[in-house]
Amino acid sequence: DGCVCFDSEGLFHADRKKSPAAGGRFGKDKTVGVLLNLDPKSPNANTVSLFIKGARASKPMPLPEKLQGQALFPHVSYRNVTLQVNFGPGPLTPLPFKCPMVNEARAADAKEARAPKPKDGKYEILFPVGFPDEGTFDWLDGFLEEHPDYVELSDRKIQEWAVKSGIWKPRGNNWKHSNDKPEYNFGLQFMDDFSIRRCLNSITSVVPRNCVVMEVKQNLTPADRKANLKRFKGPNFKRVARVVMGEPAAEYKAQVHAKLLADKQAKAEAAWRMRKLE
C-alpha cells in the first residue's frame with residue numbers, strides 16, 4: 001500500500017492489485033529502468049513505465065490518485081542476485097528519447113529527505129523488562145505504533161520478515177512455541193540454525209538507529225542481559241531499560257481490548273464466509 005512497482009514476473013502492483021505489464025519479464029543480465037512521467041503537458045502524465053535494455057516493456061501505468069503530487073522515493077527489492085544500481089548522470093542503456101535522471105531533477109521537482117538524528121547524538125537501545133506471557137508483545141505493538149522510528153529486534157520480527165519475503169514456513173505445533181522464541185521450522189539451514197539471527201545481531205550493533213531488543217527471557221537473566229548490552233557499547237548508543245510490569249494504564253487496556261475485539265470479529269467473519277461456501 002502507498003507504492004507502485006514492477007516485478008520480475010512482468011506484473012505491475014498498485015493499490016494492492018496486480019496487472020500484467022506486457023513483455024515486462026526480466027532477469028539475469030538485463031538492464032531495467034523505470035520512467036516516471038510527471039509532465040502535465042504529456043498525454044501520459046502521472047504514469048510509470050518499464051524499460052528493459054532500453055526498449056519499452058510496458059505501457060504507461062497510471063499512478064494511484066493518492067500518490068499523485070506526493071514525493072516518490074525509488075526503491076529496489078531483490079534477493080539471490082547481485083544488483084548494480086545506477087543513479088548517475090545517464091542511463092546504462094540508451095533510451096529512444098532523452099529524459100533527466102534522478103540526480104538531475106530540479107530542486108522544485110525533488111524532495112531531499114534526511115534521516116532525523118537524536119538531539120544528543122545518541123540512538124536509544126531499549127530493553128523491555130517484563131514477565132513472559134504477561135502482555136509484553138502487546139505492549140511492544142502499541143509502543144511501535146507510537147514510535148515508528150524504532151526497529152524491533154526479535155525472533156518474531158525475523159520470521160515475519162522471512163515470510164513477507166516469500167519464504168514458506170509450515171504451521172508449527174511445538175508446545176515450546178512463543179512470541180519470544182518462535183519455532184524455527186523453515187526447512188532452510190540458514191534460518192533453522194539461527195545464522196540469520198547471528199548475522200542481523202552483528203549488523204544492528206553498528207547501524208545507528210533506535211531499536212527495541214525484544215528478548216523477554218534474556219532481558220530478565222543477568223548473563224544474557226550483559227551479553228546483549230555488550231553488543232551496543234558504541235559511543236552513539238544509549239542503553240535504556242523499560243520496566244513493563246504492574247497495573248497497565250487505561251489507554252493500554254483500551255488498546256488490548258480493541259485488538260481482542262478485532263481478532264474476534266475477524267474469526268467470526270472467516271467462519272461466516274466458510275458457512276456461506278457450504
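The values are calculated or read from the model by the stated rules, or taken from the named source; none is laboratory data. What you are looking at is a predicted structure, and each value in this text was computed from that prediction instead of being measured. A quick note on method: Cβ atoms are made from the backbone with ideal geometry, for glycine too, and the neighbour counts reach across all protein chains shown.
What to note about this one:
- Any pair with Cβ under 9 angstrom, 6 or more apart, that starts in segment 80-98 at a residue that is assigned by the TED database to the domain that holds T31 and within 19 Å of F26 (Cβ to Cβ) and ends at one that is outside any loop (DSSP other than H, G, I, E, B) and among the small types (G, A, S): N86/G33; P91/G33; L92/G33; T93/G33; T93/A55; L95/G33; L95/A55; P96/A55
- Looking only at residues in segment 226-247 that are surrounded by 17 or more Cβ atoms within 10 Å (Cβ to Cβ) and not hydrophobic (A, V, I, L, M, F, W, C), the one that is nearest to D180 (Cα to Cα) is N228.
- Selection within segment 1-40 - in a strand (DSSP E or B), more than 15 Å from F51 (Cα to Cα) and among the charged types (D, E, K, R): K17, K18
- With respect to the stated conditions, K41 fails to be farther than 21 Å from E112 by Cβ, surrounded by 14 or more Cβ atoms within 10 Å (Cβ to Cβ), outside the structural domain of W161 (by the TED database) and over 27 Å from the mean Cα position of the chain (by Cα).
- Verdict on V212 being part of a strand (DSSP E or B), under 21 Å from S77 (Cα atoms), of a type outside the set (F, W, Y) and in contact (Cβ under 8 Å) with a residue 60 or more places away in the chain: no
- Tally, over segment 187-218, of residues that are in contact with a Leu (Cβ under 7 Å, 6 or more places away or on another chain) and not polar (S, T, N, Q): 4
- Top-ranked residue of segment 137-165 - restricted to ones that are among the hydroxyl-bearing types (S, T, Y) and at pLDDT 90 or above, ranked as farthest from N219 (Cα to Cα): Y150
- Unmet criterion (only one of (1) outside the structural domain of G130 (by the TED database); (2) closer than 17 Å to D133 by Cα; (3) not polar (S, T, N, Q)) for V213: (1)
- Identity of the residue in segment 2-34, touching a residue at least 60 places away in the same chain (Cβ under 8 Å) and crowded, with 17+ Cβ neighbours inside 10 Å, that ends up nearest to A71 (Cα to Cα): V4
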